[in-house]
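All remarks here apply to the structure that follows.
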Amino acid sequence: MARRFWVTGAMVLPMLGFCLPAKAADVGLNSGDTAWMLVSSVLVLLMTIPGLVLFYGGMVRKKNVLAMMMQSVVICALVSVLWMMIGYSLVFSNGNFFIGGVSDAMLGSLAQDWNAPFTLGAGLQNAVQMHVPESVFIMFQLTFAVITPAVITGSFAERMKFSALLVFMGIWSILVYAPIAHWVWSPAGWLYHLGLADYAGGTVVEVNSGIAGLICAVYLGKRLGFGHDNMMPWNLSYAVMGASLLWVGWLGFNSGGAGGANANAGMAVLVTQMAAAGATLSWCAIEWAVSGKPTVLGAISGTVAGLVAVTPAAGFVLPGAALLLGLAAGLVAYAAVTIAKTKLGYDDSLDAFGIHGVAGILGTLATGVLAFAPLSGGAVHAGWHQLAIQALGVGATILYCGTVTAAILFLIDRTIGLRVTRDEERQGLDEALHGESIA
């Protein structure tokens, strides 16, 4: 029996009316749904530029601020072009269970059907008729493809060559992001068929970027002076502004997965807010208890951890469960960042793994425990069966992402090299790589 989900690439959502055969009166574009998806697209893009630009830029040392900001800006441009050329097709054209095909390369289908309702998985038994044009769907999905590799840069901040960054991010987007997104969000994908509940990217975005970040951090090695020099953030006010933009943008990140202006979008906004609030408070509380003072950096780190954790669960949990998930995410991410990283000794510069990877794993698994079945039309039931599927999705993402990411790094290292020279690193990447500096 075909699964009754609407998968928009940012979620696996019970389709409400969309899951049933469309009636004649229901077929066509819906201006309200289209408007909400456009707004959500803008909100998610806002998370990268300027959200992540400010968040990451404020947390590195002054000599590397412009280089850090540059990375997010250029990744946004690079991935946008790759998405049009081949990325979108590899994720959402039918292809096979592992990867899509090339039928939508260069977005050629828009020339004929640009003003028609989009059908996801057209030709498949479980194809989904949407009420928005394909151009809107493409743009919404593009924003997810952009922010995922941009998050990775936080793990190897202040030490990768700009040329290596461009090559790595381009290859990674095609060989890692595209297949995993296809598995989870395409009606042809194998995790989709198994019933993985991932509303807005717990595996595709969060675990994926977190694991890739960890591999990068370990492969490149520690920053010069790590553990000895002062590596405190240059400007926490920038980081707070960036985190605030991430918080607001995340409301569109999760609720846009509803595919339109409906009750599911409203619930996703509410539970996202509760999880973020819970994690902010729990991180502050444990930091206060352990260190004697709650810090600004800790508060915004907790916020992001809560937002990450609720990402896979946003369409499947009620506010109370989301609050519990947020409280847990703050505590678990705090332990990963302050205890595990110290004991293991890796230099995850801005804690992309400690927050995105760890909280993403927690949220994806917790979805199998906290899911409230009526929100998914009875399709996602909390229990051992769903938890096993969630665990499989997490495990597959970790294994594939970790292996391929390491292989890409190895090839780049053996060709053009990955890391800046010691002199360049001491000088700072702003001047060494871009000939600019902050006065």
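The values are calculated or read from the model by the stated rules, or taken from the named source; none is laboratory data. This one's a predicted model, so the numbers in the text were calculated from it and none came from an experiment. Because the Cβ atoms are built from the backbone with ideal geometry, glycine has one as well, and the counts that use them run over all protein chains shown.
The residues listed here are ALA67, ALA35; of these, the one that is crowded, with 24+ Cβ neighbours inside 10 Å and more than 30 Å from GLY101 (Cβ to Cβ) is ALA67. Figure legend. Inter-residue proximity from the range 224-237: first residues more than 17 Å from ASP351 (Cα to Cα) and hydroxyl-bearing (Ser, Thr, Tyr), second residues in a loop (DSSP other than H, G, I, E, B) and modelled with pLDDT of 90 or more, beta-carbon distance below 8 Å, spacing 6+ or different chains. Indicated pairs: SER237/GLY58. Scanning the range 83-107 for residues that are farther than 20 Å from LEU194 by Cβ and not aliphatic (A, V, I, L, M) yields TRP83, GLY87, TYR88, SER89, SER93, GLY101, SER103, ASP104.
Candidates LEU387, LEU370: the one that is in contact (Cβ under 8 Å) with a residue 24 or more places away in the chain and closer than 29 Å to LEU246 by Cβ is LEU370.
Taking the numbered list (1) under 30 Å from MET267 (Cβ atoms); (2) at pLDDT 95 or above; (3) not in a helix (DSSP H, G or I) in turn, ARG4 passes all entries but (2). Scanning the range 341-356 for residues that are under 15 Å from GLY227 (Cα atoms), assigned to a helix (DSSP H, G or I) and not hydroxyl-bearing (Ser, Thr, Tyr) gives LYS341, LYS343, LEU344.
Of everything listed in (1) modelled with pLDDT of 95 or more; (2) surrounded by 19 or more Cβ atoms within 10 Å (Cβ to Cβ); (3) of a type outside the set (Lys, Arg); (4) under 19 Å from ALA116 (Cβ atoms), the single unmet condition for VAL44 is (4).
Determine whether HIS182 is modelled with pLDDT under 95 and either of a type in the set (A, V, I, L, M, F, W, C) or part of a helix (DSSP H, G or I) (or both). Full working, then the answer.
Values: modelled with pLDDT under 95: no; either of a type in the set (A, V, I, L, M, F, W, C) or part of a helix (DSSP H, G or I) (or both): yes.
No; evaluated as a whole, the condition is false for this residue.
When ALA359, ALA313 are checked against the criterion of being among the small types (Gly, Ala, Ser), buried (at least 24 other Cβ atoms within 10 Å of the Cβ), out of contact with any His (no Cβ under 9 Å at 6 or more places or on another chain) and assigned to a helix (DSSP H, G or I), ALA359 stands alone in meeting it.
Here PHE144 passes the criteria (1) buried (at least 22 other Cβ atoms within 10 Å of the Cβ); (2) touching an Asp or Glu at 6+ places or on another chain (Cβ under 9 Å) except the one numbered (2).
Within the range 49-166, which helices (runs of 4 or more DSSP H) (wholly inside it) include 2 or more residues that are within 30 Å of SER301 (Cα to Cα)? Step through it out loud before you land on a result.
Values: elements: 53-57, 65-82, 88-92, 110-113, 134-152.
Where helices (runs of 4 or more DSSP H) fall fully within the range 49-166 and carry at least 2 residues being within 30 Å of SER301 (Cα to Cα), they are 53-57, 65-82, 134-152.
Taking the condition surrounded by 15 or more Cβ atoms within 10 Å (Cβ to Cβ), farther than 17 Å from VAL218 by Cα and without any contact (Cβ under 8 Å) to a residue 24 or more places away in the chain, does GLU424 pass? Yes: the conditions hold for GLU424.
Considering the range 163-195 alone, what residues qualify as being in contact with a Ser or Thr (Cβ under 7 Å, 6 or more places away or on another chain) and within 20 Å of GLY256 (Cβ to Cβ)?
Correct list: TYR177, ILE180, VAL184, TYR192.
The requirement of being modelled with pLDDT of 95 or more, assigned to a helix (DSSP H, G or I), under 30 Å from LEU418 (Cα atoms) and among the β-branched types (Val, Ile, Thr) is not satisfied by VAL369. In the set (1) of a type outside the set (Phe, Trp, Tyr); (2) farther than 26 Å from PRO149 by Cβ; (3) at pLDDT 95 or above, LEU375 fails one condition alone, (3).
Exactly one residue out of VAL218, VAL176 is at pLDDT 95 or above, within 18 Å of ILE99 (Cβ to Cβ) and either in a helix (DSSP H, G or I) or touching a helix residue (DSSP H, G or I) at 6+ places or on another chain (Cβ under 7 Å) (or both): that is VAL176.
Within the set LEU194, LEU175, LEU214, LEU165, the sole residue that is touching an Asp or Glu at 6+ places or on another chain (Cβ under 8 Å) and at negative phi turns out to be LEU214.
Yes or no, residue by residue, for (1) polar (S, T, N, Q); (2) without any contact (Cβ under 8 Å) to a residue 12 or more places away in the chain; (3) within 23 Å of LEU214 (Cβ to Cβ); (4) in contact with a Phe, Trp or Tyr (Cβ under 8 Å, 6 or more places away or on another chain):
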position	(1), (2), (3), (4)
ALA277	no, no, no, no
TRP288	no, yes, no, no
ALA299	no, no, no, yes
THR303	yes, no, yes, yes
VAL308	no, no, yes, no
VAL317	no, no, no, yes
